[in-house]
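Presented below is the structure to which this report refers.
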Amino acid sequence: MYVIDPMFWPKLLLLITIVGALIYFFELGLRKWLKVEKKKFFSYNHINDKHKKVDWTIRIGFLVTILAGGIFNMMRDPMEWLWFLEPWFLLFVFIGFSEIARAFMEWKYAENRRAYMVTIIHLVFVLILLLTVINTDFFWML
């Protein structure tokens, strides 16, 4: 019989809170240090129409890829699924492409040229933090 740790949910909530706070305060400090205005929380914040088109192209491409990858992997034996078609991996790729496109558009078109530096440094920080959390087995919390 498999027993679930009764502290699983409080530990998970604590982990999500800590990671979220680290990401938020890192970006806040970075924006103050580089004197870049704060973005709205949970908004698209497209730089211009070109950025909007590129962003939606990436989003639709991601949706098609995740659906096609899911269907392709479902047709295979579960022990032979392709890791690069798994949703967790595709999500990392999507975030990477989306943020790199944002950084390029900020570098090329934004009023404050330092905005792209915040985007790139923030992306690297988040990827390193998430990979660290995953590789350390959630800092041995779960």
Accessible area of TRP88 in the full protein assembly, 1.4 Å probe (Å², nearest 10): 140
query: With axes computed from alpha carbons, what is the tilt in degrees of helix 115-135 against the longest principal axis of the chain, rounded to the nearest 10 within 0 to 90?
result: 10
task: Just reorder MET79, MET7, MET74, MET105 by solvent-accessible area, largest first, 1.4 Å probe, all chains present.
output: MET79, MET74, MET7, MET105
statement: Normalised Cα Rg of the chain, dividing by 2.2 N^0.38 Å with N its residue count, works out at 1.27
Spatially proximal lysines relative to LYS108 (Cα-Cα < 16 Å; intrachain offsets below 8 disregarded): LYS50, LYS52, LYS53
query: Each residue of the stretch 80-90 in order: what ³J(HN,Hα) in whole Hz does its phi give by Karplus 6.51 cos²θ - 1.76 cosθ + 1.60, θ = phi - 60°, with x for Gly and Pro?
result: 10, 4, 7, 5, 7, 10, 6, x, 4, 6, 5
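The values are calculated or read from the model by the stated rules, or taken from the named source; none is laboratory data. Since the model is a prediction, treat every value here as computed from it, not as a measurement. Note: accessible area is taken over every heavy atom of the protein model, side chains too, but ligands, DNA and RNA are not part of it. Shrake-Rupley method; radii C 1.70, N 1.55, O 1.52, S 1.80 Å.
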